[in-house]
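Below is one structure; the comments refer to it alone.
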């Protein structure tokens with residue numbers, strides 16, 4: 001009976017320590033490496049936009065920045081999972097979509113542009 005209690009206590013302690021290691025998700029060095037990869041992908045995408053001109057370039061840059069922001073937010077969820085981090089992912093996605101939509105609206109003029117911007121704002125507010 002005494003050995004059973006010791007075994008149960010040891011098992012409980014083992015599970016407690018394992019659970020805390022799962023909560024972190026990734027090491028600091030893995031986090032830094034992933035962050036550097038995201039930044040390199042952003043720079044590459046931004047360089048790819050240089051071949052474009054005018055509004056197409058602005059849209060491309062907004063898409064690249066939005067993807068970078070979402071990727072960094074998702075990385076934070078992996079590194080330090082929390083409700084706030086998951087909220088930040090949703091906001092990064094919504095803001096990225098909104099900025100791209102606003103850039104696309106610049107192709108229109110006057111009333112069509114106003115309607116496009118209002119639709120983009122409504123879509124953002126919905127998220």
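Being at pLDDT below 95 and not in a helix (DSSP H, G or I) is a property that residue 107 has. At least 2 residues being touching a helix residue (DSSP H, G or I) at 6+ places or on another chain (Cβ under 8 Å) and either under 24 Å from residue 97 (Cβ atoms) or modelled with pLDDT of 95 or more (or both) is the threshold, and among the helices (runs of 4 or more DSSP H) wholly inside region 1-81 those reaching it are 28-49, 54-79.
The values are calculated or read from the model by the stated rules, or taken from the named source; none is laboratory data. Just so you know, these numbers come straight off a predicted model, no measurement behind them. Glycine gets a Cβ as well: all are built from the backbone with ideal geometry, and neighbour counts include every protein chain shown.
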